[in-house]
Amino acid sequence: MSKSYRALVLEAGGAFKIKRISLPSLQAGMAAVRVRAAAVNHRDLWIQKGQYAGLKFPLVPGSDGAGLVEQIGAGVEPNWLGRKVVINPSLDWGPSREAQGNNFRILGLPETGTFAEYVVVPAANLAAMPPHLSFEEAAALPLAATTAYRALFTRGGIRPGEKLLITGIGGGVALFLLRFAVAAKARVFVTSGSDDKLRKAMELGAEGGVNYRDGKWAELLQEKAGLFDCSIDSAGGPDFPKLCDLSRAGGRLVFFGATLGNPPDLPLRKVFWRQLNLIGTTMGSPQDFADMLGFVEREKILPVIDGVYPFEQAEEALRRMDLAGQFGKLVLTMTGPEDA
Ligand SMILES: NC(=O)c1ccc[n+]([C@@H]2O[C@H](COP(=O)([O-])OP(=O)(O)OC[C@H]3O[C@@H](n4cnc5c(N)ncnc54)[C@H](OP(=O)(O)O)[C@@H]3O)[C@@H](O)[C@H]2O)c1
């Protein structure tokens with residue numbers, strides 16, 4: 001008999017609707033996780049706005065989840081049953097650590113995602129929850145912390161004492177970058193559109209910061225901090241070339257997003273003459289995910305959480321993200337009938 005469960009279903013161009021959908025019978029190698037908490041990523045907002053490739057409605061978004069393994073398919077190690085897990089949302093990354101293969105997908109589109117009471121994922125994508133974290137904290141990790149880990153260490157190669165710039169510090173990935181970089185003993189400077197967020201970032205270990213709404217932010221930052229060994233950005237847009245000006249000769253400029261679109265121009269002569277390294281990065285390999293969890297556990301990293309919402313109020317969380325109101329992750333909690 002197939003079990004039904006509640007999910008946040010998105011139809012073209014609309015708000016979420018709570019609907020009951022059926023849990024599919026589990027194929028070999030798959031596991032059904034009773035989701036206790038899920039976190040929102042900008043990707044979910046792009047999907048809701050219809051601005052993401054490969055949209056097919058209706059769909060259940062959500063890439064991040066933590067919960068309890070409730071059912072397993074054939075061939076799955078039975079000791080997963082009942083365990084607290086966090087889910088790696090990178091599906092079919094492929095064999096190379098260098099880049100994902102052609103079958104790579106992110107949980108939450110096209111596969112049914114974690115904004116639901118249950119999610120079905122390959123058992124290979126399960127990992128034990130770091131014991132110092134709650135379900136809400138663990139759910140904040142997967143997509144953002146893996147992206148941050150790969151950007152900072154695997155691709156960015158950050159070293160202790162290096163000067164790092166993180167732009168748009170209120171963002172979910174940006175705050176993991178800050179937590180990880182401080183733990184790795186880098187010297188961190190940040191930008192934000194909010195002075196209050198700049199203050200909060202300094203409480204978390206940033207040395208200084210500037211407001212990107214000031215037309216002279218790059219000059220102000222250079223006065224405060226000098227040039228950077230590494231900058232990590234996800235805004236893109238018209239100010240991206242300023243990151244080249246802020247880079248030392250031979251520096252690294254790592255980027256994983258383009259919230260503001262493509263830069264209108266790229267100063268190629270500056271890039272080659274000053275031996276700058278432009279480094280693209282996306283999500284992370286299974287090894288990045290495992291290394292990230294190991295780092296979080298070893299360094300007792302706590303995700304910065306802006307707010308926790310009952311999943312019935314997901315719409316509120318998405319509107320807060322749309323206005324860039326958040327400082328850290330927005331987390332949804334699922335209270336099933338048996339928890340009520
Ligand atoms: N390639 C990948 O694997 C990958 C993974 C994750 C995310 N992404 C992309 O990366 C971006 C961020 O994702 P997220 O989930 O961290 O989003 P998020 O939590 O919504 O954060 C977005 C942040 O962008 C900052 N921002 C807005 N305008 C800016 C500007 N002019 N200059 C600098 N920063 C600006 C804001 O920072 P303040 O609030 O401090 O002003 C805002 O908080 C999105 O475009 C997302 O699609 C890509």
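On C-alpha positions alone, give me the angle between the axis of helix 172-183 and the longest principal axis of the chain, in degrees, nearest 10. Once rounded, one gets 70 degrees. With a Förster radius of 51 Å applied to the C-beta separation of S2 and D265, the computed FRET efficiency comes to 0.40.
Work out the FRET efficiency for E316 and A124 from their Cβ-Cβ distance, taking R0 = 45 Å, and round it to the nearest 0.05.
Computed FRET efficiency for E316 and A124: 0.85.
Based on other C-beta atoms within 10 Å, arrange D239, D92 from fewest to most. Don't jump to the answer; show the numbers that get you there.
Numbers: D239 17, D92 13.
The order, fewest Cβ neighbours first, is D92, D239.
In percent, rounded to a whole number, the relative contact order of region 157-280 is 21, using alpha-carbon pairs under 8 Å and six or more apart.
Return the percentage of antiparallel bridges among DSSP beta bridges fully within the chain, rounded to the nearest 5 %.
On the way: 35 of 60 bridges.
Taking every DSSP beta bridge with both residues in the chain, the antiparallel ones total about 60 percent.
Note on the chain: GNM, Cα springs under 10 Å; of L266, L323, L204, the largest mean-square fluctuation is that of L323.
Taking Cβ atoms as reference points and 14 Å as the exclusive limit, the residues near D239 contribute a net charge of -2, counting Lys and Arg as +1 and Asp and Glu as -1.
By the count of neighbouring beta-carbon atoms within 10 Å, fewest first, K200, K216, K329 end up ordered K216, K200, K329. With the helix formula -39500 (n - 2.57) applied to DSSP H stretches of n ≥ 4, the chain reaches a computed 222 nm mean residue ellipticity of -7000 deg cm²/dmol.
Counting only aspartates and glutamates at least 8 places from K200 when in the same chain, those with an alpha carbon closer than 13 Å to its own are D306. For the pair N103 and K216, label points projected 7 Å from Cα toward Cβ lie 5.6 nm apart.
Computed from Cα atoms, the angle from the helix 286-298 axis to the main principal axis of the chain rounds to 80 degrees. Relative contact order, whole percent, for the chain stands at 18, derived from Cα pairs under 8 Å and 6 or more residues apart. So which residue, out of A37, A184, A66, gets the largest mean-square fluctuation from a GNM of the chain using Cα contacts under 10 Å as springs? Result for the chain, Cα springs under 10 Å: A184 fluctuates most.
Values in this text are rule-based calculations from the coordinates and carry no lab data. As the structure is a prediction and not an experimental result, all values here were calculated from the model. Backbone-built Cβ (ideal geometry, glycine too); neighbour counts: all protein chains shown.
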